[in-house]
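Participant: Okay, here's the structure, questions in a sec.
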Amino acid sequence: MFHKLHRQMTFFCTAVTGVILIALTAACLLVAENGLKKSSYASFLNESSAVISHFQEQNTISLSYLNQLRGKNNFECVLYENDQPLFFQHLTQPEETLGKDFINLAIQTAEETYHFPLFSNANSQLISHIEFTLTKRGEGLYYVCAAKIPKENSRLSLLIFYSFRHQQRQITRQRVAFAFADLLGILLLTAFSWFFTGRMLGPIEENNSRQTHFIASASHELRTPLAVILSGLEAYDKSTDQADRQHFKNIMQREGQRMQRLIADMLLLANSDANSLKLQTEDCQPDELLLFTYEKYELLAAQKQIALKLRLPDIPLPNITCDRERILQVLSILTDNALAYTPAGGTVTLSAAPAAKTGTILLQVIDTGSGVPDTDKKQIFERFYRAQNSHTDKEHFGLGLCIAKEITEAHGGKIFAADAPEGGARFCVIL
């Protein structure tokens, strides 16, 4: 499911960002091409004005000048004197370059569209000219300048043609470069989207996996007491002996209480996941919390032949602001675990001291049991996790340390496991 979602999100992110990239590129190309066309047309106007001024000032037409215009400015000039083509034009051959039909189209367009007859008998002593664009099939856009220049005894008419092919090739190269950049950008966006969505879905997938594992483990833990209760009910109904019926009743009551504790633990974790774990904070003395825990487990430790010790510093400890009942629950979980994993003849020590960080208190539960392997030091705070993956202990569900971690972190504190100096495990709570 997550792999399919990963692919879909990658495609969606790439598609959206790709469309935006292409739209921005197209907009940039459009602005750049319009700017190039305007710049090219403005340059054509300036150059054609210079050519008209040259022909006005000169009484002779130089073939080298026309060749210079063709080579330097890519201008093709067609000249007429008194409406007749100049004889030397067979040397420059503009009709072969442009085509006779295209030249006639330019003359016709100037006259019909722009009302500028190139050949006119009207006497005028002023220079007149007009510029426009024409499209030639197979070659693209041309800029055209039509001009009439009066002379002493004659009239010079000319057409200046400038092909946009060079700029069009430049635009084409620019489009290809932008298309290649877009393609490369989309490939990079695809790789980034794959990585980014993978990182984004990672915690969700992990959380879903943990939730699935949590439900499976909870179902497993609930199934056992339910089976015991159902079988106990059946045996209770069939039994006629009062002592046996009381025995089955006690078993069912014990399993019901066990289920009640498990459900209470799961509700606490659910509230923590929903950030609705409510804390009623107050100023508490750390030594008072440890003393209460000590008195609570003193008898149980004696029954297990374990020495329960309380170690406090000589100087008074400052108060900590916490939810008293919740912190007592944390200390109870840690002490209960320590007593469960410490063999007879061992020692469990409760201690409190100022932590290395100013303004914090270090609470510790230290035992002389088998300790916690380095590979398990982080995993033991996960839900339904137990060392050796054992679920045979009916007194522990594998939720205690997870609950202790959630409560501690809800207080803004920190909890971790370490090795005890005398061997065994050392659980530290910093508040």
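Participant: Under 6 Å between Cβ atoms, which residue pairs at least 6 apart in sequence (or on different chains) link something in segment 284-304 that is at positive phi with a partner that is open to solvent by 50 Å² or more (accessible area, probe 1.4 Å) and modelled with pLDDT of 90 or more?
Facilitator: Close Cβ pairs (under 6 Å, with a partner that is open to solvent by 50 Å² or more (accessible area, probe 1.4 Å) and modelled with pLDDT of 90 or more) do not exist here.
Participant: Another question about this same structure. Check Leu363, Leu317, Leu339, Leu331 and return the single one that is modelled with pLDDT of 85 or more and part of a strand (DSSP E or B).
Facilitator: Leu363
Participant: Since Thr135 meets every condition but one in (1) out of contact with any Leu (no Cβ under 8 Å at 6 or more places or on another chain); (2) outside any helix (DSSP H, G or I); (3) without any contact (Cβ under 8 Å) to a residue 12 or more places away in the chain, which condition does it not meet?
Facilitator: (1)
Participant: Suppose we filter segment 60-73 for residues that are in a loop (DSSP other than H, G, I, E, B) and either surrounded by 15 or more Cβ atoms within 10 Å (Cβ to Cβ) or in contact with an Asp or Glu (Cβ under 6 Å, 6 or more places away or on another chain) (or both); how many remain?
Facilitator: Counting residues in segment 60-73 that are in a loop (DSSP other than H, G, I, E, B) and either surrounded by 15 or more Cβ atoms within 10 Å (Cβ to Cβ) or in contact with an Asp or Glu (Cβ under 6 Å, 6 or more places away or on another chain) (or both) gives 1.
Participant: Leu267 is checked against (1) in contact with a Lys or Arg (Cβ under 9 Å, 6 or more places away or on another chain); (2) assigned to a helix (DSSP H, G or I) and fails just one. What number does that condition carry?
Facilitator: The failed condition is (1).
Participant: Related question: Might you let me know whether segment 16-28 holds any residue that is under 30 Å from Glu206 (Cβ atoms) and crowded, with 16+ Cβ neighbours inside 10 Å?
Facilitator: Checked segment 16-28: at least one residue is under 30 Å from Glu206 (Cβ atoms) and crowded, with 16+ Cβ neighbours inside 10 Å.
Participant: List every residue pair whose Cβ atoms lie under 9 Å apart, where the two residues are 6 or more positions apart in sequence or sit on different chains, the first residue falls within segment 164-182 and is over 20 Å from Tyr142 (Cα atoms) and modelled with pLDDT of 85 or more, and the second residue, located anywhere, is open to solvent by 70 Å² or more (accessible area, probe 1.4 Å) and of a type outside the set (S, T, N, Q).
Facilitator: Taking only residues 6 or more apart or on different chains, the pairs are Phe178/Cys28; Asp182/Ile22.
Participant: What residue, of Asn34, Asn46, is under 40 Å from the mean Cα position of the chain (by Cα) and part of a helix (DSSP H, G or I)?
Facilitator: Asn34 is the lone residue from the list that is under 40 Å from the mean Cα position of the chain (by Cα) and part of a helix (DSSP H, G or I).
Participant: Regarding Lys296, is this residue basic (Lys, Arg), within 23 Å of Asp367 (Cα to Cα), at pLDDT below 90 and open to solvent by 50 Å² or more (accessible area, probe 1.4 Å)?
Facilitator: Criteria met by Lys296.
Each row is one residue, and each column tells you yes or no for (1) in contact with a strand residue (DSSP E or B) (Cβ under 6 Å, 6 or more places away or on another chain); (2) open to solvent by less than 50 Å² (accessible area, probe 1.4 Å).
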site: Met259; (1), (2): no, yes
site: Leu269; (1), (2): no, yes
site: Gln280; (1), (2): yes, no
site: Leu300; (1), (2): no, no
site: Pro316; (1), (2): no, no
site: Leu334; (1), (2): yes, yes
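Participant: Going through segment 1-17 one residue at a time, which ones are among the aliphatic types (A, V, I, L, M) and assigned to a helix (DSSP H, G or I)?
Facilitator: Leu5, Met9, Ala15, Val16, listed by residue number.
Participant: Looking at (1) β-branched (Val, Ile, Thr); (2) within 21 Å of Phe2 (Cβ to Cβ); (3) in contact with a strand residue (DSSP E or B) (Cβ under 7 Å, 6 or more places away or on another chain), which one does Ile149 not meet, given that it meets all the others?
Facilitator: For Ile149, the failing item is (2).
The values are calculated or read from the model by the stated rules, or taken from the named source; none is laboratory data. These numbers come from a predicted model, not from an experiment. Note: ideal-geometry Cβ built from the backbone for every residue, glycine included; neighbour counts use all protein chains shown. What goes into the accessible areas is simple: the full protein's heavy atoms, side chains included, and nothing from ligands, DNA or RNA. Shrake-Rupley method; radii C 1.70, N 1.55, O 1.52, S 1.80 Å.
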